[in-house]
1. Can you tell me which of (1) basic (Lys, Arg); (2) surrounded by fewer than 24 Cβ atoms within 10 Å (Cβ to Cβ); (3) under 24 Å from Leu15 (Cβ atoms); (4) within 16 Å of the ligand (Cβ to nearest atom) is the one Lys263 doesn't meet?
2. Please determine, by comparing only the residues of the stretch 150-188 that are part of a loop (DSSP other than H, G, I, E, B) and of a type in the set (S, T, N, Q), which one is farthest from the ligand (Cβ to nearest atom).
3. Might you check whether a residue that is small (Gly, Ala, Ser), assigned to a helix (DSSP H, G or I) and out of contact with any helix residue (DSSP H, G or I) (no Cβ under 6 Å at 6 or more places or on another chain) occurs anywhere in the stretch 199-207?
4. So which residues in the stretch 240-253 are touching a strand residue (DSSP E or B) at 6+ places or on another chain (Cβ under 9 Å) and surrounded by fewer than 17 Cβ atoms within 10 Å (Cβ to Cβ), if there are any at all?
5. Kindly indicate which of Gly279, Gly245, Gly305 is closer than 20 Å to Leu22 by Cβ and of a type outside the set (Val, Ile, Thr).
6. Looking at the stretch 237-251, is at least one residue closer than 21 Å to Leu15 by Cα, within 14 Å of the ligand (Cβ to nearest atom) and within 21 Å of the chain's Cα centre (by Cα)?
7. Taking the condition of being surrounded by fewer than 23 Cβ atoms within 10 Å (Cβ to Cβ) and either within 16 Å of the ligand (Cβ to nearest atom) or among the hydrophobic types (A, V, I, L, M, F, W, C) (or both), how many residues in the stretch 290-306 meet it?
8. Would a scan of the stretch 145-156 turn up a residue that is within 19 Å of Asn57 (Cβ to Cβ), hydroxyl-bearing (Ser, Thr, Tyr) and crowded, with 18+ Cβ neighbours inside 10 Å?
Amino acid sequence: MYQLSSSYALENSPLQTLHDPLFAEKQVTVKVKRDDLLVLDEEMALCGNKWRKLKYNIHFFYREKYRQIVTFGGAFSNHIAATASAGKLLGIPTHAIIRGELIWPLNPTLEFAETCGMLFWPVSRRAYKNKSEAGFVESIIPDIYGHYIIPEGGTNALALQGAKELPTEISQQNECQPPDYMLTCCGTGGTLAGIIQGKAPSTSAIGIAVLKGGFLEADIRNLLDCSGAQKVDKWLINNDYHFGGYAKFNSSLIQFMNDFKIKHQFALDPIYTGKLFYGAFDLISKGFFPKKSTIVIIHSGGLQGIAGFNQRFGQLLL
Ligand SMILES: *Cc1c(COP(=O)(O)O)cnc(C)c1O
C-alpha cells in the first residue's frame, strides 16, 4: 500500500471559533473547519477537499492494481494540481485531459502539475463535453493501459466517502454536538453530497454555488442515489453568491477577502472559499440564521489558486 502523511495526519484539521462583532450582534456562534491546513505536500496542492475526495480513490487504485491515473479539468483546476501532486508523492503516472488549449507559458497550476510529471492532453471545449463517454479517454491517449479514470473535480462515489468523514470529525470536535448548520462551497457538489450523507439529521447543510446554472440540486440528488444514500433532508443550495459564474468576481469580493485576511490571519481563495465566506457573512448579517445557532463554515482549501489568479488579473489579492 502507500504511506502519505499530512501536517494533521494523526489529528484532524482544527475546528476554530471565528470572532467578529457581527456574530455577537446576531447572537450566533461561528466555527471554521480548517481543511486548508489539511496538507499532504510541500506545495500545498494536495490538500483540503481535493485530498478528501482523492483518498478513497487512491485506496481503490491500489486495491485494483491499476497502473496510471487519468483525470480531467480546466487549466486552473485545484483537482488537477492535487492529482498531479499525489502522483508524484506515490510514484503513480498521471494524465490530465485539459479543457481547451494549453497556453504557454503555463499558468502556475499547470506548471506545478508538469513539474510533478503529469502529462497533459488538451482537447477543444467542444470535444471535452463528451468526456464521460465510453472510449473517450482511449481515443485521446494512444496506447493507454491499466488506467483508472477519475472524473472532473474528483467527484465520484468514492469521493463522497471521503467527504462524508467531515461531519463526523466536526461533531467530535464540537464537543460531540452536531452543529445546527454546515456551510460549504460547491463546484461539482461532490463535497456537499458527502457532507449530506454523513451529517446528523439535525444539521442543515448549505452549499454556496460558485458556478452559475442551477444544475447542482439535480447533480447532488444523482450522486446521492448512485452511492446508495438513504433519503436525507435538511440541505439546500444557495445560488446568490457566484458573482456571475466560475472564477468571476467583483471589487467587493476582493475587498472582503483582503479585509478577511488582515482581520482573521488566514487566506481565502478567489474561486471557492472567498465566495463561501462572503455568502456566510452576508447571510448572517441578513438574519438568515436563528439566534443561538452554531454555524460551521468549511474552509475547503484551494489556496494554490491564488498565484494563478494574481498572475491573470494583477496582484489583487494580498
Ligand atoms: C474543488 C473545490 C471545491 C468544490 O468542491 P466540489 O466537491 O466540486 O463541489 C470547493 N473548494 C475548494 C477549495 C475546491 O478546490
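Quick note: the coordinates plus some simple rules give every number you see, no bench work behind them. Source: prediction; values computed, not measured. Neighbour counts are summed over all protein chains in view; Cβ atoms, including those assigned to glycine, are modelled from backbone coordinates with ideal geometry.
1. (4)
2. Gln177
3. Checked the stretch 199-207: no residue is small (Gly, Ala, Ser), assigned to a helix (DSSP H, G or I) and out of contact with any helix residue (DSSP H, G or I) (no Cβ under 6 Å at 6 or more places or on another chain).
4. Within the stretch 240-253, Asp240 is the sole residue that qualifies.
5. None of the others qualify; the one that does is Gly279.
6. No: zero hits.
7. Total satisfying the criteria: 2.
8. yes
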